[in-house]
Amino acid sequence: MISIVIVSFNTARELVACLESIERCAAAIPHEIVVVDNGSADGSVEAVRIRFPAVQVVANDENVGFSKANNQALPLVRGEYILFLNPDSELQPGTLERMLAELAGFPARAAVGPRVRKPSEFTSRTSARRLPTLWTEFCDATWLDRLFPRSRILAWKYYAPWDGAGDRDVECLLGAAMLCRTDQVRALGGFDESVPLYLDDMDLCKRLGDLGRLRYVSGATVLHHYSVSTKKHPSPLIKRLGLQATYQYFVKHRGRAYARAYVTVVAGVGVVAFVLGFVRLLGGSLRKARRRWNEARVFVDWAWRSKAVTYTLPRL
């Protein structure tokens with residue numbers, strides 16, 4: 001049996017669509033669904049209880065965060081396998097069967113992830129990626145991986161020139177849809193509740209990767225309506241959270257010296273972005289200049305205060 005765990009926070013419409021997709025696409029596979037709601041005020045709990053009475057609902061009085069909410073479900077699930085699924089995701093026909101076959105039939109694998117995509121794309125490049133290094137984050141911050149998306153060196157983070165059309169072992173899967181072995185997740189203690197937003201799935205993948213291989217399966221697809229909750233928050237804050245999450249990943253898994261080197265890289269990228277803003281202005285584009293300066297301000301401000309400040313966001 002597969003246990004499907006969904007953490008929701010003010011995403012009633014998307015959550016209902018997600019559960020409807022499970023009804024359509026997972027009827028042939030024994031499964032249970034546990035929804036952990038983080039104090040939603042949009043009627044999410046009531047909608048699930050009325051429309052899907054077989055779904056087990058854990059209704060928190062407040063938002064305890066993504067990691068802790070997932071961990072609340074671990075003592076409740078009965079399946080041999082556990083699928084962590086975002087409420088703004090929708091299963092496609094055959095996805096769960098394909099993922100289960102790719103995990104159950106290969107004992108050396110610790111997790112399997114599908115091809116996650118928006119309605120307008122073939123695949124999200126974050127569906128399968130390498131774990132962070134100084135080089136991957138430098139190329140990402142400077143947009144070199146986007147300028148040269150097929151470069152084995154500059155787009156190394158996303159396995160370029162691979163285009164996601166075939167299956168492969170990867171270092172990190174997208175936490176929006178990831179199938180794992182329940183006993184292994186429990187043995188690891190579930191998600192690390194001390195890590196910040198945007199680090200939770202990377203951290204779990206790093207620890208699962210120490211137990212077995214992680215497999216991306218192109219033939220299994222999940223439709224993802226990205227970041228429904230985070231869209232409610234300003235993008236500079238979201239960017240700072242991403243920087244802070246990567247910094248703490250380096251502290252935890254590579255040491256403080258490596259993390260301090262990351263701060264230096266971020267500061268350097270910020271200075272370069274500031275200069276590029278003037279270049280854009282001289283080229284006659286005030287809009288592009290402002291975008292570069294806003295980016296520079298986020299990078300430099302975070303690097304300057306990183307040793308004393310941990311940026312926070314209302315839990316999602």
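ILE50 meets all of the listed conditions (1) β-branched (Val, Ile, Thr); (2) open to solvent by less than 50 Å² (accessible area, probe 1.4 Å); (3) more than 23 Å from the chain's Cα centre (by Cα) but one, namely (2).
The residues of the range 165-190 that are surrounded by 18 or more Cβ atoms within 10 Å (Cβ to Cβ), in a loop (DSSP other than H, G, I, E, B) and small (Gly, Ala, Ser), listed by number, are GLY175, ALA176, GLY190.
Answer yes or no as to whether LEU208 is assigned to a helix (DSSP H, G or I), over 14 Å from the mean Cα position of the chain (by Cα), over 26 Å from VAL272 (Cβ atoms) and not basic (Lys, Arg). Yes; evaluated as a whole, the condition is true for this residue. Scanning the range 152-175 for residues that are touching a helix residue (DSSP H, G or I) at 6+ places or on another chain (Cβ under 8 Å) and not basic (Lys, Arg) yields LEU154, ALA155, TRP156, TYR158, ALA160, GLY164, ASP167, GLU171, CYS172, LEU173, LEU174, GLY175.
Return yes when PRO196 is crowded, with 16+ Cβ neighbours inside 10 Å, touching a Cys at 6+ places or on another chain (Cβ under 9 Å) and in contact (Cβ under 8 Å) with a residue 24 or more places away in the chain and no when it is not. Please lay out each step first, then the result.
On the way: crowded, with 16+ Cβ neighbours inside 10 Å: yes; touching a Cys at 6+ places or on another chain (Cβ under 9 Å): no; in contact (Cβ under 8 Å) with a residue 24 or more places away in the chain: yes.
For PRO196, the condition - crowded, with 16+ Cβ neighbours inside 10 Å, touching a Cys at 6+ places or on another chain (Cβ under 9 Å) and in contact (Cβ under 8 Å) with a residue 24 or more places away in the chain - is not met.
Residues THR221, THR264: which one is surrounded by 22 or more Cβ atoms within 10 Å (Cβ to Cβ) and either part of a helix (DSSP H, G or I) or among the polar types (S, T, N, Q) (or both)?
On the way: THR264 fails: surrounded by 22 or more Cβ atoms within 10 Å (Cβ to Cβ).
The unique qualifying residue is THR221.
Residue count for the range 53-86 under the criterion of being more than 30 Å from ALA101 (Cα to Cα) and either open to solvent by 20 Å² or more (accessible area, probe 1.4 Å) or out of contact with any strand residue (DSSP E or B) (no Cβ under 9 Å at 6 or more places or on another chain) (or both): the result is 6.
Just the residues that are more than 13 Å from LEU15 (Cβ to Cβ) and open to solvent by less than 30 Å² (accessible area, probe 1.4 Å), please, taken from the range 87-97. Give the steps one after another, and end with the answer.
Step one: filter the range 87-97 for residues more than 13 Å from LEU15 (Cβ to Cβ), giving 91-97.
The answer is LEU91, THR95, LEU96.
Scanning the range 105-129 for residues that are among the small types (Gly, Ala, Ser), part of a loop (DSSP other than H, G, I, E, B) and either within 12 Å of the chain's Cα centre (by Cα) or buried (at least 18 other Cβ atoms within 10 Å of the Cβ) (or both) gives a single hit, SER124. Beta carbons closer than 9 Å, at least 6 apart along the sequence or on distinct chains, never pair a first residue in the range 258-271 that is on the phi > 0 side of the Ramachandran plot with a second that is outside any helix (DSSP H, G or I) and not hydrophobic (A, V, I, L, M, F, W, C). Looking only at residues of the range 135-148 that are modelled with pLDDT under 90 and either in contact with a strand residue (DSSP E or B) (Cβ under 6 Å, 6 or more places away or on another chain) or assigned to a loop (DSSP other than H, G, I, E, B) (or both), we find that the one that is nearest to PRO87 (Cα to Cα) is TRP143. Within the range 111-134, being within 26 Å of ARG181 (Cβ to Cβ) and modelled with pLDDT under 85 holds for one residue alone: THR123. Condition test on TRP162, is it over 30 Å from GLY277 (Cα atoms), among the hydrophobic types (A, V, I, L, M, F, W, C), open to solvent by 40 Å² or more (accessible area, probe 1.4 Å) and out of contact with any Ser or Thr (no Cβ under 8 Å at 6 or more places or on another chain)? Against the criterion (over 30 Å from GLY277 (Cα atoms), among the hydrophobic types (A, V, I, L, M, F, W, C), open to solvent by 40 Å² or more (accessible area, probe 1.4 Å) and out of contact with any Ser or Thr (no Cβ under 8 Å at 6 or more places or on another chain)), TRP162 qualifies.
The values are calculated or read from the model by the stated rules, or taken from the named source; none is laboratory data. Everything quoted here is computed from the prediction, not taken from an experiment. Because the Cβ atoms are built from the backbone with ideal geometry, glycine has one as well, and the counts that use them run over all protein chains shown. Areas reflect the complete protein model, heavy atoms only, side chains present, ligands, DNA and RNA absent. Shrake-Rupley method; radii C 1.70, N 1.55, O 1.52, S 1.80 Å.
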